[in-house]
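The values are calculated or read from the model by the stated rules, or taken from the named source; none is laboratory data. Note that the structure is a prediction, hence the values are computed from the model and not measured. Positions of Cβ are backbone-derived with ideal geometry, glycine not excepted, and every protein chain shown enters the neighbour counts. Quick note on the areas: whole protein, heavy atoms, side chains included, nothing else; ligands and nucleic acids left out. Shrake-Rupley method; radii C 1.70, N 1.55, O 1.52, S 1.80 Å.
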Amino acid sequence: MAVQILHSVQREDLQLLEWNEPNGGFIQGALPVPSIFPNLRNLCVEDPVGSDWVAGLGALEDLQWLELSVKSQEEPAGSAIQLPLLPRLTCLVLDVQPGAVVQLHLGKLPALSELVVDGGEGGAALLTDEPVRHLHHLDCGGLGRLSADFVTLPGLESVVLGGRMELEQPGSIAAATALTWLGLRYNCHGNDPDPVALELLGSLPPSVSCLELKGSWTAQAAALVGGMRGLAGLALSCWGQGEPIVPPLDARLWAGIQAFSWVTDESNGGGGEPSLPQALARASQLGALQVIKNSAVSVYELDLITSLPALEDLILATRANNDTCGAANRRIAQRAMPYVHVVGDCCWQYPYSLRFFKWAFE
């Protein structure tokens, strides 16, 4: 049915196409070559495609937004998939299937400002012959392998990386002097050190003002974060058994932190949901706080929240019942804050990390 509908469309009229056929319809049958619809501006294809089909995207000169799933090459085995020249493309989202490798020549993507590459068993390489200033946002947090030299990416403003990914030249991130926000999907096991994540955290440029650690991280990582100068926003999203490791009580960051997000999920750990870190009591400049958790907020946490002298904006989202939320509202109402939102039973709808920081500082 989807193929019949697609074939009934006038070629020049179609500007947006999302292909997600639940019954196993293959995009190659409905759209054997992308040039059938030459005026496409937005294209989403969840059916994995190979290099021949990808090469045909070069006919779409007006393409601005592309979401694509790419599969590994059969002939020649192990060869990388490359995108053609796409002069107007501003946003690219790639799902790299297991065993596949994508080479992105950024010179062929001169308008690209946002790049998202996912695929835990896939790889990607960012290539350029000269410094690229148009790429501002890079998200490879779910990617298995990344080859990139951050010296050639001076325009990056936000980056998401995986704490356990294979990353070439992690120390080169020191050259990304426009970088203001880093998200690290940290998924270590136990207290094993992770050289890649530690080198990233130890090499961040002083321009970084907001940091997110998501997962289960090490004491070495927490110590590096605690010693960072100029960090205004910190988001910790934690899971795993036991209490999460947080920057030490006497770490310098607590005195200067202005926005803090604390996201936990007891269903991932099995050992009870951790409470807000005690060190938060030293955050005398904290103006924005977000707490998202499955369990009800404790008396200790309410005492801690209401004792923060500079707090003005608060989001407290839990899966607590209405009586608990009512008690929290009454307790927090004792503080005059411009923005307070306490809600129960729908906590995971709330944004965190980059969107939280935008809310906190704007």
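For the reader, a short list of remarks on this structure follows.
- 166, 212, 199, ranked by accessible area, largest first (probe 1.4 Å): 166, 199, 212
- Once the gyration tensor of the Cα atoms in segment 31-70 is diagonalised, the equivalent ellipsoid follows with semi-axes of 15, 12, 8 Å, ordered largest first.
- Total formal charge among the other residues, if their Cβ is under 14 angstrom from that of residue 172, Lys/Arg +1 and Asp/Glu -1: -3
- Of the trypsin sites (Lys or Arg not before Pro) found in segment 49-115, the ones in coil according to DSSP and having at most 16 other Cβ atoms within 10 Å of their Cβ are 88.
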